[in-house]
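Taking it in order: structure first as structure tokens, then the write-up.
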Amino acid sequence: MAFSYNCYKYNREWFLVEMIIDAKPSEIEFEKIVVPNENVRESDWQCPYMEQYLNSDGTEKLCEAYDVPEEDSSPCRISFFIYNENPKKLFAFGKKKSVLRTPYGEFELSDKEKIPERLRKIIEFDECD
């Protein structure tokens, strides 16, 4: 179960997702967090990039990106990036909104909110090809 979900516009091409979930870090299966797309094979669906674990108030990282924190406790606050496959048309009139499918529920991907300063200060991001 997700206690909290937020989606922010990181830049033109990327969303930053932040979730608080009822799971331990060792139980999180990032490969099961996807953006379904009927136009591509399931193995090619967008999935999290640069997963990062945060402290309970989201002001500090608990470990380096992709690493799992030593303390394996629940609930867990995580952040990660999702590629915006079509930034110009994603939210166009009449278009179906993109959904993030997770074991903790389905959530709308939206670029309406700006990243809070607390995240901007700590979140690591590397451009990829």
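The values are calculated or read from the model by the stated rules, or taken from the named source; none is laboratory data. Everything numeric here is computed off the predicted structure, so don't read it as measured data. Using ideal geometry, Cβ is built from the backbone for each residue, glycine included, and neighbour counts are taken over all protein chains shown. Remember, those area values only see protein heavy atoms, side chains included, never the ligands or the DNA or RNA. Shrake-Rupley method; radii C 1.70, N 1.55, O 1.52, S 1.80 Å.
Numbers below:
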item: Efficiency of FRET between K112 and E31 - r from beta-carbon atoms, R0 22 angstrom, step 0.05; result: 0.20
item: Dipole magnitude of the chain about its Cα centre (Cβ charges: Lys, Arg +1; Asp, Glu -1), debye to nearest 20; result: 900
item: Local net charge near D57, Cβ-Cβ under 10 Å (Lys/Arg +1, Asp/Glu -1); result: +1
item: Using θ = phi - 60° and Karplus 6.51 cos²θ - 1.76 cosθ + 1.60, couplings along region 23-30 (whole Hz; Gly, Pro as x); result: 7, 7, x, 5, 9, 7, 10, 4
item: Rounded accessible area per residue of the chain, 1.4 Å, Å²; result: 61
item: Environment charge at S74 (Cβ cut-off 15 Å; Lys +1, Arg +1, Asp -1, Glu -1); result: -4
item: Of all accessible heavy-atom area on the chain, the percent that carbon and sulfur account for (1.4 Å); result: 45
item: Sum of -39500 (n - 2.57) over DSSP H runs of 4+, divided by residues of the chain (222 nm, nearest 500); result: -1000 deg cm²/dmol
item: Highest average packing first - 26-38, 71-83, Cβ atoms within 10 Å; result: 71-83, 26-38
